[in-house]
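> Below is a structure I'd like to ask you about.
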Amino acid sequence: MSARKGQKRVLLQGNEAIVEGALAAGCRFFAGYPITPASEIAELLSMRLPLAGGTFIQMEDEIASIGAVIGASLAGVKSMTATSGPGFSLMQENLGFACMAEVPCVIVNVMRGGPSTGLPTNPSQGDVMQARWGTHGDHPVIVLSVSTVQDCFEITILAFNLSEKYRVPVIILSDAVVAHTREVFTFPHAREIQIVDRALPSMPPEWYIPYEDSPSGVPPMAPFGEGYRYHVTGLVHDVRGFPTQRPEEIKALINRLFRKITQGFHEIQKVQRFMLDDADVSVIAYGSVSRAARQAVKEARREGVRAGLLQLITLFPFPRSSVESVLKQCRGVVVPEMNVGQISREVKRVNRWECKVEKYNRVDGRLITPKQIRQLIFKLGT
Amino acid sequence: MSQGVTKLIHKYLRHDKKFPHVWCPGCGNGIVLGALIRAIDRIGLEKDEIVLASGIGCSGRMPVYVDFNTLHTTHGRALTFATGIKLAKPSLTVIAIMGDGDATAIGGNHFIHAARRNLNLTAIIINNQIYGMTGGQSSPTTPYGSYATTAPYGLIEHAFSIAELAVTAGAPFVARGTVYHVETLEDLVKKAILKRGFAVVEVISNCHVQYGRRNNMGDPVTMMKWMRDHAIRVEKASSMSIDDMEGKFTIGVLADVEKPIYTEEYQKIREGAIKGRPTGGPGHG
């Protein structure tokens, strides 16, 4: 960023903007495996990372990719991988390791239609629940969604910042449309970009307790090789990182893992409100569908319907309070998704009001159009 | 205990934390750990410089006992984590400790690719020919015809020879030792750590509890005698006939060649990219 003078406008595709965002955020390690529609991220980073003094490596599979990413992060380097559905499935085991051992890392999943090999070149939003619950066991995780090229840049930086601050893996859900659409992108000034780095221990090694609780619930993280010799494991561990089976220690760990995220809800749960202030019918959408939704809301407004859009940036932890305020205010809410209904279930789960929640789903590999959403807005608005 | 041993224990073990260990009486894992610690001590590495990464299984518990930067990863994945650590901080001495099922079944793909890729890592594979921790199921190195809890009628699969597999996959340094030949083992581990490149040491070990007990070798002494009687030094094996080698295995250094090291090659890429190429990429128009 430092080489740039003033703001620069370029034509970028979503995958390229993710690369720019990652580099701006300080990512200096990428390990990945080729997969459509995510491969451009790896290709571009293989060229850019050496120039930034970083490291790119193509691994033998996605399991190895996330393993290397976690290893690099343990050595103190901000790290990322990118994949699509089948690769994301393979990453689930080590994703859980990163949750358990509290290793910051960013995983980009450019969603394709599924299940299985599915529709490699078509967009989908079928991995929403997998992103939240894909790895086994109760675990906290942060899931963000992107809808534009500008988003890809900014949300990638946000993903790194949240990952570093909370020591948790952050998953970015993109899709084939966002990934491959070229849009005008404006680079922000370097000084406008806020970067968060993980907290390092401020105490000498002999005082360092690697998994000790604190008001934030996020312990400082010592990189390997800096004098803080400690143990990292995927087993349930005590505050020193050693395996434990004591009920009180198990409970304390799992509760802390969740508490550190719960306490950060106010800054983790990002949404964009569009024409919502006086809305009585709203759309709740995320990813590329929210682009169509925005258009539909504008068109509905022109025809006299007080429509609004709540665009979810953070999908998990589910931005409940933002969704609740819309449900409370509106008589109807449409939840369009390119899956059979994943976020709509969450919306219905938190609906304690008279608001009618209507889901709309497309699973044919095609985008949901503004017209389709507009029709649903009219249906609920009359 | 000799004073020298006590000194090593105090220096390297987390003796105040997580003992007693989980291994069965007579287990070979302790012998491997001893050889590893003595090799490290002889080389004179600082504890801060060392990362010991393991997978899952009895061998996977080794890092918890030693005062290094220690990492207990997921099953079969130790080398993938080790790869990330080494790339991020090439100055660290990164040692992966694995079991036979860990390294050659679930982690088999990572193992051969790590050998091919040639980072400066050390891989120690404790081959006890069985899944010990989970209760004696057959592994990729369980001999044909032997019994295991998942081969109650005798195993009909054929075993990997781990060291030979590593040679074929391209590892520039490959050795095999046993927990019977302790001094040799220490020497091989030392050579492997000092080797510039991916170095593999396969250690034939005993699981008399889960393997021996079901295969007429139910105590550690019997299993160690079997190692003594079946291990042939590489130098001697070269002059023996195929018939004489039947049922035997070699110990010693099986391969020791020079190959370009990944991290050094990558550094050249970095320097070349910065010098020779305009800062390309779409962001730079």
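The values are calculated or read from the model by the stated rules, or taken from the named source; none is laboratory data. From a predicted model like this one, the values you see are computed outputs, not experimental measurements. In this analysis, Cβ positions are derived from the backbone assuming ideal geometry, glycine residues included, and neighbour counts consider all displayed protein chains. These accessible areas exclude ligands, DNA and RNA; they are computed on the full protein's heavy atoms, side chains included. Shrake-Rupley method; radii C 1.70, N 1.55, O 1.52, S 1.80 Å.
> Out of the DSSP beta bridges found with both residues in chain A, what percent are antiparallel (nearest 5)?
Among the beta bridges of chain A, antiparallel pairing accounts for roughly 30 percent.
> As an exercise, use a Förster radius of 41 Å and the Cβ-Cβ distance of B:Asp243 and A:Val236 to find the FRET efficiency, rounded to the nearest 0.05.
Working from the Cβ atoms, E equals 0.15.
> To the nearest 20 debye, what is the magnitude of the charge dipole of the protein assembly as shown about its Cα centre, counting +1 on the Cβ of each Lys and Arg and -1 on the Cβ of each Asp and Glu?
Magnitude of the dipole: close to 1720 debye.
> Let me ask something additional. Using a 1.4 angstrom probe, figure out how much accessible area segment A:197-273 has per residue, in square angstrom, rounded to the nearest whole.
52 Å²
> Based solely on its DSSP helices, what 222 nm [θ] is calculated for chain B when runs of n ≥ 4 H residues each add -39,500 (n - 2.57) and the sum is averaged over all residues, nearest 500 deg cm²/dmol?
Per the formula, -10500 deg cm²/dmol.
> Considering every Cα-Cα pair within chain B, what fraction, in whole percent, is farther apart than 37 Å?
Roughly 15 percent, once rounded to a whole number.
> As I understand it, the value is the acute angle between the Cα axis of helix A:289-302 and the longest principal axis of the Cα atoms of chain A; what does it come to in degrees, rounded to 10?
30 degrees
> Any residues in segment B:110-129 that have 30 Å² or more less accessible area with all protein chains than in their chain alone, probe 1.4 Å, and which are they?
B:His110, B:Arg117
> Let's test the formula: R0 of 60 Å, r as the Cβ-Cβ distance of A:His189 and B:Lys236. What FRET efficiency results, to the nearest 0.05?
According to the calculation, E is roughly 0.25.
> Then there's this: Share of antiparallel DSSP beta bridges in chain B, in percent to the nearest 5?
20 percent
> Next question. Please list B:Tyr153, B:Tyr131 in order of solvent-accessible area, largest first, computed with a 1.4 Å probe with all protein chains present.
My answer, sorted largest first, is B:Tyr153, B:Tyr131.
> If you line up the long axis of helix B:182-194 against the longest principal axis of chain B, both from Cα atoms, how many degrees apart are they, to the nearest 10?
Relative to chain B, helix B:182-194 is tipped by roughly 10 degrees.
> Next up: How big is the protein assembly as shown by Rg and Dmax over its Cα atoms, in Å?
27.5, 95
> Further question: Run the simple label-point estimate for A:Gln245 and A:Asn361 please: 7 Å along Cα→C-beta, distance reported in nm.
4.3 nm
> When Rg is the radius of gyration of the Cα atoms in segment A:273-381 and Rh is its Kirkwood radius, what does Rg/Rh come to?
Answer for segment A:273-381: 0.92.
> Which whole-number value in Å² is the accessible area per residue of chain B, probe 1.4 Å?
43 Å²
> Here is a further query. Keeping all protein chains in position, work out how much accessible area A:Glu226 exposes to a 1.4 Å probe, and write it in Å² to the nearest 10.
Result for A:Glu226: roughly 100 Å² accessible.
> Let me ask something else. Got a number for carbon plus sulfur as a percent of segment B:120-178's accessible area, 1.4 Å probe?
57 percent
> For the pairing of chain A with chain B, what total accessible surface becomes buried, with a 1.4 angstrom probe, in square angstrom to the nearest 100?
By this definition, chains A and B bury close to 4000 Å².
> How far apart, in nm, are the 7 Å Cα→Cβ label points at B:Lys275 and A:Arg331?
Output for this residue pair reads 7.4 nm.
> With 21 Å as the limit, write out which pairs from A:Lys298/A:Lys371; A:Lys270/A:Lys328; A:Lys260/B:Lys47; B:Lys47/B:Lys86; B:Lys86/B:Lys259; B:Lys195/B:Lys236 have Cα-Cα distances beyond it, or answer none.
Over 21 Å Cα-Cα: A:Lys260/B:Lys47; B:Lys195/B:Lys236.
> Which value at 222 nm does chain A reach when only helices count, each DSSP H run of 4 or more adding -39,500 (n - 2.57), with the total divided by all residues and rounded to the nearest 500 deg cm²/dmol?
Theoretical 222 nm ellipticity from helices: -11500 deg cm²/dmol.
> Could you tell me which of rounded, prolate or oblate describes segment A:8-192, using a ≥ b ≥ c as the square roots of the eigenvalues of the alpha-carbon gyration tensor, with rounded for a/c under 1.5 and, failing that, prolate when a/b is larger than b/c and oblate otherwise?
Rounded shape, in that the Cα axes give a/c under 1.5.
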